[in-house]
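The values are calculated or read from the model by the stated rules, or taken from the named source; none is laboratory data. Keep in mind that this is a model prediction, so the values were computed, not measured. Quick reminder, even Gly has a Cβ in these numbers, built from the backbone with ideal geometry, and neighbours come from all protein chains shown.
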Amino acid sequence: MEVLILAILVGLAVAAVRARDLMASVAILGGYSLMMALLWCQMNALDVGFTEAAVGAGISTVLMLAALGRIGRREVGPTRAPLLRLPLLTMQQRLRRARHLSRQHHRSSAWGAILVCVLVGGALLYGTRDIPQVGASDSPANRAGSLAEYYVTKAPEEVGPANMVTSVLGDYRGYDTMGETVVIFTAALCVLMLLRQARVRRGDERDA
Amino acid sequence: MRETPSLIVRYVARRAVPFIQLYALYVLGHGEDGPGGGFQGGVIFASSFVLLALAYGWGQGRKHVPEKLFDLLAPAGCLLYAGIGFVALLVGGAFLQYEAFVGEGADHATKHHAHHFGLIGIELGVMLTVTASMVILFFEMSRPDEEGAFGDGASQEDVEALHDGSAATEEAPDA
């Protein structure tokens, strides 16, 4: 099941990058978020899954569409053949296409990017070897005497709610949650200062 | 603005809004017993206004969302959250220590009540801020300019995109 979801995720990510129509990209990213929400639920992180579905698949898709309304929905740059037609191209056509693309970008910068990707990807893969299995009983998060054990055993008694996530977010870690709320408020504040103030200023100039 | 969607879309959107808002309040209220809470509830609540704006057009949607009120609600939520923390400080506890509301000697059930009210209070604060912030974000970003950024400019692009798409899928022989 997880392998299936991960495969769909990779497919959606590739499709989102390849789509020339930014509107389609945004829609695909919405689907990507929905798959992520499924993955969270699969890992029993229902609160995270719910948030991902509401925020990632819901409101941020709408916000990105709103942003598209300002910048236009077409991506500018060299044209690309649709992915479906790629296998149909002959070898000669492919070579010509590759040469055409590489002429437009500087060749050395592309090799540098590939090198960085391989190095970073390799380092990350190497790092995952030390990550404990999800839910392993001897991982630092689950070991006896850990903070997680304290929350799981004491939260219903000390705080009350049946949902321990709420106890941790609102009570044990209430200070962090307050910071998150302020972050959301800051985002709205930034948009107000950038967009509304700019509009007000433009309006003043027109009136003057 | 582009022409508003059909009567059916508008009718369904109008009928769906109260249910979406009720569901948002349910998510807020049941955050203690199941997944959910102020953050998710706030996003769902905000999405009901977004639905109105999408179905009826920006201007009509804006009428249901008083600019001044939501500008005030966003900081008000933060202040409610921090205020609960400071009240706990005032009565002699630590910042956001809900048990301080009922004092040291209170029994177990009373302390649970204190936690309960503290949690509901801060979740309400989170919900106010998130709802107002998301509404502000959406309405400011999608505001139709005098140049017609959201509405008029897009129609020509839409037509082009349609042509591009059909040409790509039909495998035009001259391509």
Using the structure shown, decide if B:V135 is out of contact with any Lys or Arg (no Cβ under 9 Å at 6 or more places or on another chain), part of a helix (DSSP H, G or I) and either charged (D, E, K, R) or closer than 28 Å to A:N163 by Cα (or both). no
Scan of segment B:82-98 for residues that are away from chain A (no Cβ under 11 Å) and in a loop (DSSP other than H, G, I, E, B), ordered by number: B:V91, B:G92, B:G93
For A:A148, state whether it is surrounded by 12 or more Cβ atoms within 10 Å (Cβ to Cβ) and farther than 30 Å from B:S133 by Cβ. yes
When you look at A:R201, is it within 8 Å of chain B (Cβ to nearest Cβ), in a helix (DSSP H, G or I) and surrounded by fewer than 20 Cβ atoms within 10 Å (Cβ to Cβ), yes or no? no
Looking at (1) without any contact (Cβ under 8 Å) to a residue 24 or more places away in the chain; (2) more than 8 Å from every other protein chain (Cβ to nearest Cβ); (3) of a type in the set (A, V, I, L, M), which one does B:L124 not meet, given that it meets all the others? (1)
Check every one of the helices (runs of 4 or more DSSP H) wholly within segment A:51-133 and list those with 1 or more residues that are modelled with pLDDT of 85 or more. A:60-71, A:107-128
When you look at A:L192, is it over 21 Å from the mean Cα position of the chain (by Cα), outside the structural domain of A:C41 (by TED's automatic domain parsing) and surrounded by 12 or more Cβ atoms within 10 Å (Cβ to Cβ), yes or no? yes
